[in-house]
Amino acid sequence: FPSHDKISGAGHHGTEAVRFPESASFTPEEWPKEVADWYQQYGITNTEARRYGFSYIPAGFYHGQLALPCWSGVSLLGYQLRQISGTDGPKYYSVFPKRTDQRRVFDSCKTQAGVVPAPVVAGVPSSTSTVVIVEDTLSAIKVGRQARAIACLTSTLDPDILLSLRSEGYNRAVVWLDNDNPDVNRKARNILRTASLLFPSTLFCIVTGK
């Protein structure tokens, strides 16, 4: 794992180098119970929280929030903050450099320790040629147990991301978003439009209700 001394420090939206706040804690066993309760209710384990570098912010401007980071190799691209304590303000807040506005994605194969192979599921040989596009980080982690998953954290998906996946050998894209509000429906259409440029004959769209 990279040294937390190298990735901690003051950071804010719009800077070239995003860093975790100074008070960030990377040990789930040390966090308030409600933090683990939040992600465990969606089936995420402490082991997965450590693997992907979740960090709890106990003090400072972002106190009471959980950082869900996005990695490229062992470099921190940015993170989403999920409010755990309190009800003021938005539930999620993104901390990414402006230059990555269209590349805010969470990749289930990119962890705090670096890039890991996509899972090979017994009896499903096509799993390694399929990439699943979902709406949020927790969904990507869960789907990522079976196939490579990408969480698109913005309303559009940068074509370069899909182009990179095609160059890695992926030939089928599955778009899987919740059908819970008009904004998500628009997001699904935008992603479908982008993905269909590179996955024209094997694109599936699965939209589920809650």
Handout entry: Net charge, ILE191 excluded, C-beta distance under 12 Å - Lys, Arg +1, Asp, Glu -1
Key = +2
Completion exercise
So the FRET efficiency between GLN41 and ASN185, C-beta based with R0 = 22 Å and rounded to 0.05, is 0.30
Handout entry: J(HN,Hα) series, region 60-66, from Karplus relation 6.51 cos²θ - 1.76 cosθ + 1.60, nearest Hz, glycine and proline x
Key = x, 4, 9, 4, x, 10, 10
Handout entry: ³J(HN,Hα), Karplus 6.51/-1.76/1.60, whole Hz, each residue of region 136-150, x for Gly, Pro
Key = 9, 4, 5, 5, 5, 5, 5, 5, x, 6, 10, 7, 5, 10, 10
Handout entry: Cα gyration tensor category, rounded, prolate or oblate, for region 17-120 with a/c compared to 1.5
Key = oblate
Exercise for the section: Subtract the Cα-Cα distance of VAL116 and LEU163 from 0.36 nm times their separation in residues, and report this length gain in nm to one decimal. Expected result: 15.0 nm
Fill in the blank from the handout: Net charge (Lys, Arg +1; Asp, Glu -1) of residues whose beta-carbon lies under 12 Å from that of ARG51, ARG51 excluded, is +2
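Every number here is computed from the coordinates shown, using simple stated rules; none is lab data. As the structure is a prediction and not an experimental result, all values here were calculated from the model. When we count neighbours, we look across all protein chains shown, and the Cβ atoms used for this are built from the backbone with ideal geometry, even at glycine.
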